[in-house]
1. Using beta carbons and a limit of 7 Å, which pairs, at least six apart or on different chains, have the first residue in region 28-55 and under 21 Å from Gln87 (Cα atoms) and open to solvent by 30 Å² or more (accessible area, probe 1.4 Å) and the second one of a type in the set (Val, Ile, Thr) and not in a helix (DSSP H, G or I)?
2. Could you please find all residues in region 41-97 being on the phi > 0 side of the Ramachandran plot and more than 12 Å from the chain's Cα centre (by Cα)?
3. Any residue that is assigned to a helix (DSSP H, G or I) and modelled with pLDDT of 90 or more - is there at least one of those in region 66-78?
4. I'd like the full set of residues that are under 16 Å from Ala49 (Cα atoms) and open to solvent by 70 Å² or more (accessible area, probe 1.4 Å), limited to region 68-86.
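The values are calculated or read from the model by the stated rules, or taken from the named source; none is laboratory data. Remember, it's a predicted structure, so these values are computed and weren't measured experimentally. FYI the Cβ positions are ideal-geometry reconstructions off the backbone, even for glycines, and counts take in every protein chain you see. All accessible areas refer to the heavy atoms of the entire protein, side chains included, with ligands and DNA or RNA removed. Shrake-Rupley method; radii C 1.70, N 1.55, O 1.52, S 1.80 Å.
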Amino acid sequence: MSTGAASVLAWTGAATAVVGGLSLLGTGVIAQSRAETAADLAALAGADAVAAAHAQPCAVAGEAADRNGALLVACELREWDVLVTVQVEASPLPAATSQARAGPGPADLP
């Protein structure tokens, strides 16, 4: 193999590695964005359920997370606030996790 052909193969291999790395990075960024959105929506749904005196606000939050492609891994009620943690699969990377809190503002408390 000539030196020129070896250089072309080396550059092709390097370019392929860069494209693969950028693809993985994009997968991670998209999964994290989806997790953040799902966490926000799940927390809002749970807080709305608390405000409506729903018996199971965490079940409502879990349903909202599921509809947004996430898994609700934790849900906690603190007085009128709902705190959630969700996960979104980012295969082949580890799952993306995000947390959110929703509830009435200080002036809205009963």
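1. Arg34/Val88
2. Ala53, Glu79, listed by residue number.
3. Yes, some residue in region 66-78 is assigned to a helix (DSSP H, G or I) and modelled with pLDDT of 90 or more.
4. Glu76, Leu77, Arg78, Glu79, Trp80
Residue-by-condition table, conditions (1) more than 13 Å from Gly103 (Cβ to Cβ); (2) aromatic (Phe, Trp, Tyr); (3) in contact with an Asp or Glu (Cβ under 9 Å, 6 or more places away or on another chain); (4) at pLDDT 95 or above:
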{"residue": "Val18", "(1), (2), (3), (4)": "yes, no, no, no"}
{"residue": "Leu22", "(1), (2), (3), (4)": "yes, no, no, no"}
{"residue": "Ala61", "(1), (2), (3), (4)": "no, no, no, yes"}
{"residue": "Ala64", "(1), (2), (3), (4)": "yes, no, no, yes"}
{"residue": "Trp80", "(1), (2), (3), (4)": "no, yes, yes, no"}
{"residue": "Leu83", "(1), (2), (3), (4)": "no, no, yes, yes"}
